[in-house]
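A quick write-up on the structure given underneath.
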Amino acid sequence: MTHRYFIYLSFDGTRYHGWQVQPNGESVQAVLQRCLSTLLRANIEVTGAGRTDAGVHARTMVAHFDMPSAIDATNLAYKLNRMLPRDMAVSRVEEVDATLHARFSARKRTYRYFLHTQRDPFLRHYSLEMGYALNFNAMNQAASYLTQVQDFGAFCKTGADVKTTLCEVSEARWFEMEEGRWCFVISANRFLRNMVRAIVGTLIEVGRGRMSIEQFCQVVQSGSRSNAGESMPGKALFLWDIEY
């Protein structure tokens, strides 16, 4: 009988080349697998809920692994936190039904992108500093259109290996956390590679007055990445929540 376990973790992605194992750089997945393999004395492979790009953080990431026999999940979480580097933390490990899948069973994922409009040395590693005024009302009008469409090819990294560019976005909006600090929150059943950072970059074009709301909608309809804005830095992007 196979025993499947979900690991709920968070990480600061600054020094990692993303979630997925890479041949030329350290990844979150590789670190987690090494620690698990050492603790469980077996060759453990984990499957994540999604792939974060280089430098992107996660407040909540979920991954699963299988074992041939039951283990003490609470004790494993404790030992993982003692072994993992300080930029990673496990909140819990729990046994789940063997049919549950960290990636394919997820119903909704939420990302948040942070930016600030006033120079602040304490935000620079986790938020994007904007040196000019933005029209957030216009940006929110444009963002609302994202919940009305399904094809997000215009925001998919060129050359990405995807079978479909269809996504169901249930929320996309900017809100002010405090004066001069803003957050873009977007939820969907799935995300394409580079999608959130490309959307943010295009919405900033709207906020700067360099693209109208109508033009933004046309960009989405075009399905062409070359029509959208530039991809914003990964340091301000967080995988915020995953729902099953």
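The values are calculated or read from the model by the stated rules, or taken from the named source; none is laboratory data. Predicted model only: the values in this text are computed from it and were never measured. Here the Cβ is made from the backbone with ideal geometry for all residues, glycine too, and neighbour counts use every protein chain on show. Areas reflect the complete protein model, heavy atoms only, side chains present, ligands, DNA and RNA absent. Shrake-Rupley method; radii C 1.70, N 1.55, O 1.52, S 1.80 Å.
Numbers for the structure displayed
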read-out	value
Members of the range 210-225 that are open to solvent by 90 Å² or more (accessible area, probe 1.4 Å) and in contact (Cβ under 8 Å) with a residue 24 or more places away in the chain	Gln221
Hits in the range 93-142 - residues which are of a type in the set (Lys, Arg) and without any contact (Cβ under 8 Å) to a residue 40 or more places away in the chain	Arg119, Arg124
Positions within the range 177-196 being open to solvent by 10 Å² or more (accessible area, probe 1.4 Å) and more than 28 Å from Ser224 (Cα to Cα), in sequence order	Met177, Glu178, Glu179, Arg181
Yes/no for Gly50 being part of a loop (DSSP other than H, G, I, E, B), in contact with a helix residue (DSSP H, G or I) (Cβ under 9 Å, 6 or more places away or on another chain) and under 21 Å from Gly13 (Cβ atoms)	no
Answer from Thr147, Thr158 - the residue that is hydroxyl-bearing (Ser, Thr, Tyr) and without any contact (Cβ under 8 Å) to a residue 60 or more places away in the chain	Thr147
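Here's the yes/no breakdown for (1) over 29 Å from Leu123 (Cα atoms); (2) assigned to a loop (DSSP other than H, G, I, E, B); (3) open to solvent by 10 Å² or more (accessible area, probe 1.4 Å); (4) at pLDDT 95 or above:
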| position | (1), (2), (3), (4) |
| --- | --- |
| Leu9 | no, no, no, yes |
| Gly13 | no, yes, no, yes |
| Gln29 | no, no, yes, yes |
| Ala63 | no, no, no, yes |
| Thr74 | yes, no, yes, yes |
